[in-house]
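Shown next, in structure tokens, is the structure this report addresses.
The values are calculated or read from the model by the stated rules, or taken from the named source; none is laboratory data. Everything quoted here is computed from the prediction, not taken from an experiment. Methodologically, a virtual Cβ is constructed for each residue, glycine included, from the backbone with ideal geometry; neighbour enumeration extends over all protein chains shown. We work out accessible area using only protein heavy atoms, side chains counted, and drop any ligands, DNA or RNA first. Shrake-Rupley method; radii C 1.70, N 1.55, O 1.52, S 1.80 Å.
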Amino acid sequence: MNADDLIAGSPDHEPIPARRVSPLIEHAPLPMVEVEGTLHLVAVANPAFCRLLQKTREEIIGQPFAALVENGEQCAALLDRVYATGEAETQMMTDDAPAKPSYWLYAMWPSLGADRQPARVVIQLTKSNRFYQDLAAMNEALLISSVRQHELAAESEKSNLLSQGEIAHRTATEGALREVNEKLRKATGVAEKANRAKDDFLAVLSHELRTPLTPVLIAAAALREDSRLPRETREQLSMIERNISLEARLIDDLLDLTKISHGKLLLRLEPCDAHSLIGLAIEIVRDDAREKEITIERQFSAVHSGLTADPARLQQVVWNLLRNAVKFTPRGGTISVRTADESRLEGGGWLRIEVTDSGIGIDPGALEKIFLPFEQGQVTGDHRFGGMGLGLAIARAVVLMHGGQIAAESAGANQGATFVVELPGAVVPTQGVTESAVPFFGPARLIPEKPPLTLLVVEDHLATLKALARLLRNDGHQVVTASSLAEALAAAAAQPFDLVISDLGLPDGTGTEMMEQLRSKYGLRGIALSGYGMEEDFARSTAAGFVTHLIKPVAIADLRRVLSALSR
């Protein structure tokens, strides 16, 4: 309660909250005041009363009522009687001006407090110079006003009691909320430390799992391209490469889920052709489909297949849908991939992508649940199908981030399933817009033309260092290797290099520290290789001077594409 809410009373009378009746008086058309205490001090005065006396509210509030009006002494006696009896009083009085007397009509009634006893007195007064002509009108106005004021006073008393109850309830609720918020704050500091610990653990686990996969993937890719080996051997190497890439993708799924849960999954948007990306995704699953004698049909009917999207993430969505279709479709089944143009009432072109299979189907009650992390519908707990139940959750997050929609349809068990992806902003694709697109994982199909480079390769994992150096030398590059920060700095001081390719974790420092020195001294550009792939890892690499950050196990196609681009 602030200073405006209390009006000081007499020493033997506690101040009364002014807001209880004040609004009723404030808007009354006739002059009205409210007084309190044995001195009848004015607690409230409405604008009409101020105009009548030609005084400001500040000049009136706190003054004895008898000192403000004509016949004040008589008014004091009337007010005492209202306090004593609790009954309303009216009185007609005349001022002492002989030339032009004025007639004053006072109406007074009590304002009851919480104890139902008179706490204040409300006074309404009217002044007139024409007694006989105005008397009837004044009496009628006062009667109506008095009745209405009694009604409003009763309503005000009821509202006041309700307000007091609401205030008490709100005060209690606010106290409870403060207590709950304090507990939540403490608990949140702990649902945050645990999350940070979990994220750190997943990042380290990812690094430890990726590192040994890198030399195997590089060696398999290099041998697969060796035309001197028998075709059957190269096909087996392709299978090894594909499955290592799949293993890396599963690790990525765990990290992607963590990024999504913290809102850290970022899109790298660029013009792309959805048909090209879908075609690449089909190529990745074709061998697995062939092993189960599954036919993959495609019907690309969309004219507007051009999108501004993250090509790797969009391909990841389609690959997840195709991978599920292959997994849950029995031997000899069929998978179809269709695209179509869509138009919406809100305007703009939409691209519709459908992946339909003849597999085990989905129970209607599970059509929404299958998009939840670690959820596999009716096959949850059936380990013969494998998988962690993350692909569809990630696919939905990626589609929603593109402003699109994804849904599943199925008639039930053994009736197959259809997954529908709808994406906005579809246009006619630019010719060759995704010619340089590379699968987000999987075997490299083409080797870009590139001039030979002099490369400094820094890696403390010796198996990875040897495999990577061998691959790069086979591609025609001059390669100098180092396994520590000190060796790298010494090599850079001994001869010039076009580029540096470096791991970030070194035994005597970090790759970022090394890159900062190489950039400062020699203007070198670098490619970071790391098993850590969170957004903060990308940010640190960029700040140090690396022009790109590749995540282990490194896809050969990605490395060659980056080298080709940087050499130009």
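Couple of notes before you dig in:
- Atom-type composition of the exposed protein surface of region 188-345 places 55 percent of the accessible area on carbon and sulfur (1.4 angstrom probe).
- Assuming charge only on the beta carbon of Lys and Arg (+1) and of Asp and Glu (-1), the dipole of region 474-568 about its Cα centre is about 340 debye to the nearest 20.
- If R0 is taken as 56 Å, the Cβ-Cβ distance between L462 and F300 corresponds to a FRET efficiency of 0.75.
- The solvent-accessible area of V35, taken with every protein chain present and a 1.4 Å probe, is close to 0 Å².
- Solvent-accessible area of F201 with every protein chain in place, 1.4 Å probe, in Å² to the nearest 10: 130 Å²
- Cα centroid of region 467-494 to Cα centroid of region 205-254, whole Å: 22 Å
- Solvent-accessible area per residue for region 443-553 (1.4 angstrom probe, square angstrom): 44 Å²
- When R338, R268, R210 are compared by accessible area at a 1.4 angstrom probe, the order from most to least is R268, R338, R210.
- Surrounding net charge for Q63, when Lys and Arg each add one and Asp and Glu each subtract one, Cβ distance under 14 Å: -2
- Within the accessible area of region 452-568, the carbon and sulfur atoms contribute 50%, probe 1.4 Å, all protein chains present.
- Projecting the Cα atoms of V317, H275, L223 onto the dipole axis of region 219-336, where Lys and Arg carry +1 and Asp and Glu carry -1 at the beta carbon, places V317 farthest toward the positive end.
- Sequence of K264, K259 from largest to smallest accessible area, 1.4 Å probe: K264, K259
- Probe 1.4 Å - accessible area at E174, Å² to nearest ten: 90 Å²
- FRET efficiency for the Q478 to R568 pair, using the beta carbon distance and R₀ = 22 Å, is estimated at 0.80.
- On the basis of the beta-carbon distance and an R0 of 30 Å, T94 and L30 show a calculated FRET efficiency of 0.95.
- Which of Y532, F546, S564, positive extreme of dipole for region 507-567 (C-beta unit charges): S564
- For the listed residue pairs K466/K521; K292/K369; K259/K466; K264/K369; K327/K552, the alpha carbons are over 31 angstrom apart in K259/K466.
- With a 1.4 Å probe rolled over the protein heavy atoms of all chains, the accessible area of R120, R290 falls in the order R290, R120, largest first.
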